[in-house]
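One structure is given here, and the rest of the page talks about it.
The values are calculated or read from the model by the stated rules, or taken from the named source; none is laboratory data. Here the structure is a predicted model, which means the values were calculated and not measured. All Cβ positions, glycine included, derive from the backbone under ideal geometry; neighbour counts span all protein chains shown. Surface accessibility is based on the protein's heavy atoms, side chains included, excluding ligands, DNA and RNA. Shrake-Rupley method; radii C 1.70, N 1.55, O 1.52, S 1.80 Å.
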Amino acid sequence: MILSREEVEHVAYLARLELSEEEKEAYTRQLNSILDFMQQLNELDTREVEPMAHVLPLVNVLREDEARPGLSREEALSGAPDRDQGQFRVPKIV
């Protein structure tokens, strides 16, 4: 499959991209290079290759989501540089 310059211009138009003449040439060449490589991949015999989602055998290592007791107010405020009436005090921004 070869992508024409007109097709690149059409895709750029759909994406609302304004391309220079050099960019149109470069993207046409690069996209055709990608399509050529995809064609090479399609020619490979993968019948005996097991489908996979990732090359490494990763598993979900997240813990169960369960409620646990948190810090007390005093523990949370113990390292605060400034506090007022049991709350963090921060500089006014607006």
message: Could you tell me how many cubic angstrom of Cα convex hull volume the chain has per residue?
response: 315
query: Considering the alpha-carbon set of the stretch 1-50 alone, what are its Rg and its Dmax in angstrom?
result: 14.5, 45
- request: Give the carbon-plus-sulfur fraction of the accessible surface of the chain in %, rounded to a whole number; probe 1.4 Å, heavy atoms of protein chains only.
  value: 56
message: Within 10 Å of each candidate Cβ there may be at most 10 other Cβ atoms; applying that plus a DSSP loop requirement, which trypsin sites (Lys or Arg not before Pro) in the stretch 55-94 survive?
response: 63, 92
message: List the GluC sites (Glu not before Pro) within the stretch 1-75 that DSSP assigns to loop and that have no more than 16 neighbouring Cβ atoms inside 10 Å.
response: 18, 43, 48, 64, 66
task: Give the accessible area for residue 45 in Å² (nearest 10); use a 1.4 Å probe, count only protein heavy atoms, and leave out ligands, DNA and RNA.
output: 100
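Before I look further, what does the stretch 48-94 give for accessible area per residue, probe 1.4 Å, in whole square angstrom?
Normalised by residue count, the accessible surface of the stretch 48-94 is 113 Å².
Only Lys, Arg, Asp and Glu count, each charged at its Cβ (+1, +1, -1, -1), so figure out the dipole size of the chain about its Cα centre, rounded to 20 debye.
Computed about the Cα centre, the dipole is about 720 debye.
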